[in-house]
Every structure is written in structure tokens, then in C-alpha cells.
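Enquirer: Mind having a look at this structure? Questions to follow.
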Amino acid sequence: YLETSPGFCERNPKLGILGTHGRHCNDTSLGVDGCDLMCCGRGYRTQEVPVAERCNCTFHWC
């Protein structure tokens, strides 16, 4: 309990820590998946990706 925890932002193979560089984050989340926390102050860029999905929608004439 007296030792400080290792940093998880940078990669450390000796300790099995993969780091957070290159991971996807959620820019609206305040949790551990949020960009502010996960990116460790390094900054991040956002990207909008269009997704086409089949919704099995049907049109019903009223």
C-alpha cells in the first residue's frame, strides 16, 4: 500500500501495461472510457464515421 501505482498511460511491457495510445475513446463520457481521462492529457482528434445498418423498417400507409 505504500508504493505508488504504475502509470497506465504509457506502454510498459515489463509490467504488462499496453498503454492508451491509439485506443478509441468516448468524447461524451466522464468515465474511464472518456477521452479526457484515457488520453492522459495528450489530446485527441474526433472523426465522424457514417454507418449504414439494415433496420427491417416497413412503411405502413395510414
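Enquirer: Please give the Cα centre distance for region 35-62 versus region 1-34, rounded to the nearest Å.
Expert: Value for the Cα centre distance between the two parts: 24 Å.
Enquirer: Can you tell me the relative contact order of region 18-62? Whole percent, Cα pairs under 8 Å, sequence separation 6 or more.
Expert: The value is 21 percent.
Enquirer: Assuming R0 = 30 Å, what is the FRET efficiency of Arg45 and Glu3, from their Cβ-Cβ distance, to the nearest 0.05?
Expert: Working: r = 35 Å, r/R0 = 1.17.
My answer for the efficiency is 0.30.
Enquirer: Projecting each Cα onto the charge dipole of the chain (Lys/Arg +1, Asp/Glu -1 at the beta carbon, about the Cα centre), which of Gly41, Cys9, Trp61 comes out farthest on the positive side?
Expert: Cys9
Enquirer: Given that just one value was derived from the coordinates, which of (1) 196; (2) 124; (3) 102 is volume of the Cα convex hull per residue in Å³?
Expert: (1)
Bear in mind that the values in this text are calculations on the coordinates, not laboratory data. Since the structure is predicted, the reported quantities are computational estimates derived from the model, not experimental observations. Virtual Cβ from ideal backbone geometry, glycine too; neighbours counted across all protein chains shown.
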